[in-house]
Amino acid sequence: MSKGIDCATPLTPKTAAAVAAAGYQWAARYLVPAGYSKRLARAEAVAITAAGMQIVSVYETTANRPQGGALNGKKDGAAAYLEARAIEQPIGSAIYFAVDYDAQPKDYDLIEDYLREAASEIPGYQVGVYGSYAVIEEMAKRGAAKHFWQTYAWSRGKRSAHANLYQYKNDTRLAGIGVDLNKSYGSEGWWNTKPIAAPQPAAPEIVPKVVRLVGNEVITTGEIVDGRLVAPIADVLKAAGVPFTYDNDTKKLYLL
């Protein structure tokens, strides 16, 4: 379990460092278009990472956008994708879409349509949902999201076992700004701005010095490259019983 915050106020290097010093390991910030003061920018993401914290991306412009169903999901997903690419959010991480109201059963089909359409607009990213206990439970049952962030609001004291993140307190002060407090339980889908190390090529497989060819033995220090044995040709020809001669002047091998 780790502690985190979410806030509508952009973090500066100073406030990010203060939040981290207070024992918080991640910060959830808004992946929304230009014009919104709560928008997460690349420079802020760098500052959060430099403070030693992870980042959780959440998309929310207005609280009841999911009531607009697939149409709003398509628009919001496309907008979230543009922002994620602009701030260089790594592919494979999550974008949460907020259901920030007391959703009722009559809303569930619309919320599912919203999330599925949003997911289709964020290729390479995982779709997450923020909402009440009922929303988390229902969207998990329907398979409409991969990551789940539950708020205690409207949850009536219930906690979902599906929750990767859990928001347990709103409207508190930390580092001079208003924040909400959270806990996380794994598979958060968070990210940071550290470069992803390129995979190192595997070392060549060294084969034993004794290699059997055509029923005979040949001494070689060959290696396996792309599934093939690379070995001295002279040793291979000897093992196969093929006569040959070597011209020291031309440095070439000739079959007899």
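The values are calculated or read from the model by the stated rules, or taken from the named source; none is laboratory data. Note that this is a predicted model, so its numbers are computed, not measured. FYI the Cβ positions are ideal-geometry reconstructions off the backbone, even for glycines, and counts take in every protein chain you see. All accessible areas refer to the heavy atoms of the entire protein, side chains included, with ligands and DNA or RNA removed. Shrake-Rupley method; radii C 1.70, N 1.55, O 1.52, S 1.80 Å.
Numbers below:
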read-out	value
Any hit, the stretch 77-99, residues being in contact with a Phe, Trp or Tyr (Cβ under 6 Å, 6 or more places away or on another chain), open to solvent by 50 Å² or more (accessible area, probe 1.4 Å) and part of a loop (DSSP other than H, G, I, E, B)	no
Scope the stretch 159-202; condition acidic (Asp, Glu) and not in a loop (DSSP other than H, G, I, E, B); matching residues	Asp171, Asp180
Filter pass, Ala8 being open to solvent by 40 Å² or more (accessible area, probe 1.4 Å), out of contact with any helix residue (DSSP H, G or I) (no Cβ under 8 Å at 6 or more places or on another chain) and either in a helix (DSSP H, G or I) or touching a residue at least 40 places away in the same chain (Cβ under 8 Å) (or both)	yes
Identity of the residue in the stretch 215-256, polar (S, T, N, Q), farther than 26 Å from Pro201 by Cα and open to solvent by 70 Å² or more (accessible area, probe 1.4 Å), that ends up modelled with the highest pLDDT	Asn248
Residue in the stretch 25-41 that is of a type in the set (Ser, Thr, Tyr), within 18 Å of Phe148 (Cβ to Cβ) and either open to solvent by less than 10 Å² (accessible area, probe 1.4 Å) or outside any helix (DSSP H, G or I) (or both) present	no
For Gly157: the one exception among (1) within 24 Å of the chain's Cα centre (by Cα); (2) farther than 28 Å from Leu11 by Cβ; (3) open to solvent by 60 Å² or more (accessible area, probe 1.4 Å); (4) small (Gly, Ala, Ser)	(1)
Subset of the stretch 49-61 [within 16 Å of the chain's Cα centre (by Cα) and in a loop (DSSP other than H, G, I, E, B)]	Met53
Subset of the stretch 167-197 that is under 22 Å from the mean Cα position of the chain (by Cα) and open to solvent by 70 Å² or more (accessible area, probe 1.4 Å) - its residue that is modelled with the lowest pLDDT	Ala197
Residue, farthest from Ala70 (Cα to Cα), within the stretch 139-154, restricted to residues that are in a loop (DSSP other than H, G, I, E, B) and within 16 Å of the chain's Cα centre (by Cα)	Lys146
Residue satisfying all of: in the stretch 105-142; among the hydroxyl-bearing types (Ser, Thr, Tyr) and closer than 17 Å to Lys75 by Cβ; surrounded by the most Cβ atoms within 10 Å (Cβ to Cβ) among these	Tyr114
Sole exception among (1) assigned to a strand (DSSP E or B); (2) in contact with a Ser or Thr (Cβ under 6 Å, 6 or more places away or on another chain) for Ile136, by number	(1)
Residue selected from the stretch 55-70 under the condition of a type outside the set (Gly, Ala, Ser) and touching a helix residue (DSSP H, G or I) at 6+ places or on another chain (Cβ under 8 Å), by the criterion farthest from Pro10 (Cα to Cα)	Gln67
The stretch 62-76, residues that are touching a Pro at 6+ places or on another chain (Cβ under 8 Å) and either part of a loop (DSSP other than H, G, I, E, B) or open to solvent by 10 Å² or more (accessible area, probe 1.4 Å) (or both)	Asn72
Residue list for the stretch 143-154, filter: open to solvent by 10 Å² or more (accessible area, probe 1.4 Å) and more than 26 Å from Pro123 (Cα to Cα)	Tyr152, Ala153, Trp154
Boolean, Val46 is open to solvent by 50 Å² or more (accessible area, probe 1.4 Å) and either free of Cβ contacts under 8 Å to residues at least 24 places away in the same chain or assigned to a helix (DSSP H, G or I) (or both)	yes
